[in-house]
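Participant: Quick one: the structure is below, questions incoming.
Any read-out appearing in this document is the output of simple, stated calculations on the displayed coordinates, not a laboratory observation. Predicted model, so just to flag it, every value in this text is computed and none were measured. As a convention, Cβ positions derive from the backbone with ideal geometry for all residues, glycine included, and neighbour counts pool all protein chains shown.
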Amino acid sequence: MSQPRVIPGYYFDAEKGKYFKITTTHSAPPSQAKYTLQNVRKEQKKAAAEKVARKQQEKRDRETVVRPHTRKNWGLQLAGLDREIGGRRKTYYTHGIWPSACVAGIEKMKTVVEQPVHGVIRFFDRDPHTKTIYAVHGDNAIRRRRRNPPNGMPFGSSFAESLNEYSFEDWDMLARLTSSISSLTYLPSSGALAATTYGSDRAPTVYLSDPDVDGPYVNQQFTPKNCSTIWGAAAPPFSSSPDSVPQSGTESLAVAAASSMMLFERSPAGDWNSSTALQSGSDMLALDWLSPTTVVLGERSGKILLYDTRSKGHSHILTNPFPITKLKRADDPTRLVCAGLQDGLFVYDIRSRDTFSRHAQGHYNDKFFNDQYPGTGNRQKRKKMKFTVAHNWSQPILSFPYDNADDHYLDMAVQPDLGLIAAAQDINSSAAIKIYNMWTGKLLREIPQPSIDKVSIRCLRFMEDSNGDPELWSSWGGSIIKMSLG
């Protein structure tokens, strides 16, 4: 229905469907008393409030998933209720001993791919079906290598598994981009490959291709407007949990483009369309998907934002004390792992948003500030810092021993089924990689730095071998190495 035309001096009564002249209170006859200036203003104010309430209700309806009251769905609701009240807590064995046992059986490093002659490998990803590796050689070249044991020997044989099965094929050149690559992501649901660049004298770009279908140098490239750099990209989870909203047929990719987030969606025809979903006042350095419809973003300012792809709304939920470099979903959509500068590695719960206070028993207490700012300086000035700087910091539920003073490129990986967090450390640290218990915060294993060729580890990923057993893959001194978990 079209809106009625606004006529100065007249009021349209929607109930009666016609206009009435607005009169003053003292001159209005009894039949026109409803349309005095005072009463008309009250009606207009009431109509504006109803319009706002209607829009809020429409937004809640879009964000709410209504399930039928079947036995199966009631079971999901009861499971969520048990989780909230602690009725089904995991045992001490699951939380404390199981992650330690998995890491205790870790094997020695095995080289997956030697450092190629084309330059060091900075980023990599793998097709989980064909086991093809996609890697960034040097700064801006993307190459592909297939797995192929000699003489068609099956992968399950003991002899083939003892060999480096990636050493029998040459590298295939896929693309050479115009500046240094900042991320490389393979989307297994559609077989697409996504890469982003930092930009320099050339503008940053988003590279999207189907390497198995289109072949080398066939791709779509996007150059965002008014964008100085692209920090990274993330794809939705490949498989969702049974109680989450099912994924649509549209492939999505979230990109952290300077101080904005862009969403790329793939049409059924195979081409990609882009849109700017969110603008902010600070650079977005990290992002990940908590669910198929929710993106979490980390800013240089320390703010952590949530974005809902259904309602297209966002909110500031948490505040990290230092710039955020990596964000990963933990074992539940309400918990996330946050890595940042100044040795900050935390687990946050978006349902627990407590901030700093004098009597808080969380991470930011007097002991933290005494360790962070030691010495016998002006304690009055230090006390002032507590309440002027830290009053907005969110309290993490867990903190980890982490070495990263100022490196924006160190990577982090999470294995939620085993309760493990693997984080790359600063090259000046004695450890190259540290592995933690995600449920208790305990440091489980330290992988020492190599004696030579110390290079920042920009890529860490938990993979599965041919038998489905977990492995930790890492870029290591220009090559790719793996460690099998017990």
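Participant: What is the set of long-range amide H partners of Leu460 at a cut-off below 5 Å, with H atoms built 1.01 Å from backbone N?
Facilitator: Met412
Participant: Long-range amide H contacts for Thr325: which residues qualify at under 5 Å (H placed 1.01 Å from N, peptide plane, sequence gap of 5 or more or a different chain)?
Facilitator: Those qualifying (amide H under 5 Å, at least 5 residues apart or on another chain) are Ala339, Gly340, Leu341.
Participant: While we're on this one: Here is the link list: Lys225/Lys434; Lys108/Lys303; Lys59/Lys328; Lys131/Lys312; Lys55/Lys303; Lys16/Lys55. Which ones come out longer than 30 Å on Cα distance?
Facilitator: Distance filter (> 30 Å) returns Lys225/Lys434; Lys108/Lys303; Lys131/Lys312.
Participant: So what's the net charge close to Asn273: Lys and Arg +1, Asp and Glu -1, counting the other residues with Cβ under 9 Å from its Cβ?
Facilitator: With Lys, Arg at +1 and Asp, Glu at -1, the neighbours total -1.
Participant: If you don't mind, another one. Excluding Tyr19 itself, calculate the net charge of residues whose Cβ lies under 10 Å from the Cβ of Tyr19, where each Lys or Arg counts +1 and each Asp or Glu counts -1.
Facilitator: Net of charged neighbours comes to +3.
Participant: Net charge around Arg146, counting only other residues with Cβ within less than 12 Å of its Cβ (Lys, Arg = +1; Asp, Glu = -1)?
Facilitator: Once positives and negatives cancel, what remains is 0.
Participant: Taking 0.36 nm per residue of separation and subtracting the Cα-Cα distance, what length does fully extending Thr334 through Thr111 add?
Facilitator: Once the chain is fully extended between Thr334 and Thr111, it gains 76.7 nm.
Participant: How big is the stretch 407-486 by the Kirkwood estimate over distinct Cα pairs, in Å?
Facilitator: 12.9 Å
Participant: What whole-number distance in Å separates the alpha-carbon centres of the stretch 282-338 and the stretch 162-239?
Facilitator: 23 Å
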